[in-house]
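Chemist: Sharing a structure, written as structure tokens. Questions coming.
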Amino acid sequence: MNNPPYLVGRMLKLADELHALYCKEVRKNNLPPRLLGNALMAAALDSPTQALAQLALRIVPYLGWARTNSTEFAGLSRFFLKEFGIVEAKLRDVKLPLRFYDPARAQLLLGYISGYSQADEPTNI
């Protein structure tokens, strides 16, 4: 799926996965009650632009860590960076609507709960 709501959901899913990996490695498995993407779902359901703007402010330390990570999970953190790049390329020239309504909200959820194809399946999770 390549429609914007689905892709915003994918972006939030990736944020959760990167945040969880960061917490596993840097915070010694100390996960917060809500991961980053999950915390932004309510905002994204109404205003995708606002949710992505909040994501931009909050994801910086996790992206920086993923780029310099040298733990046994370095490959997995790079996989998430690659996936962020794929989603970004699809969203780059799209004008997001100011609000999402029910059909788009459903697509957002599908993107958030989506899996990976077997060819792209990350390892070391």
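Chemist: The conditions are (1) closer than 23 Å to ILE86 by Cβ; (2) touching a Pro at 6+ places or on another chain (Cβ under 9 Å), and CYS23 fails exactly one of them. Which is it?
Modeler: Result: CYS23 fails condition (1) only.
Chemist: Still on this structure, please answer the following. Would a scan of the range 113-125 turn up a residue that is in contact (Cβ under 8 Å) with a residue 60 or more places away in the chain, among the β-branched types (Val, Ile, Thr), in a helix (DSSP H, G or I) and open to solvent by 40 Å² or more (accessible area, probe 1.4 Å)?
Modeler: yes
For every residue, the table says whether it meets (1) in a loop (DSSP other than H, G, I, E, B); (2) hydroxyl-bearing (Ser, Thr, Tyr); (3) surrounded by fewer than 16 Cβ atoms within 10 Å (Cβ to Cβ); (4) in contact (Cβ under 8 Å) with a residue 24 or more places away in the chain.
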site	(1), (2), (3), (4)
HIS19	no, no, no, yes
ARG34	yes, no, yes, no
ALA44	no, no, no, yes
GLY64	no, no, yes, no
GLY75	no, no, yes, yes
VAL87	no, no, no, yes
PRO97	yes, no, yes, yes
GLN107	no, no, no, yes
LEU110	no, no, yes, yes
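Chemist: Here is a check on your reading of the model: is GLU25 of a type in the set (Asp, Glu) and surrounded by 19 or more Cβ atoms within 10 Å (Cβ to Cβ)?
Modeler: It is false that GLU25 is of a type in the set (Asp, Glu) and surrounded by 19 or more Cβ atoms within 10 Å (Cβ to Cβ).
The values are calculated or read from the model by the stated rules, or taken from the named source; none is laboratory data. These numbers come from a predicted model, not from an experiment. Cβ coordinates were reconstructed from backbone atoms using ideal geometry, including for glycine residues, and neighbour counts include every protein chain displayed. Side chains included, ligands, DNA and RNA excluded: accessible areas come from the protein's heavy atoms. Shrake-Rupley method; radii C 1.70, N 1.55, O 1.52, S 1.80 Å.
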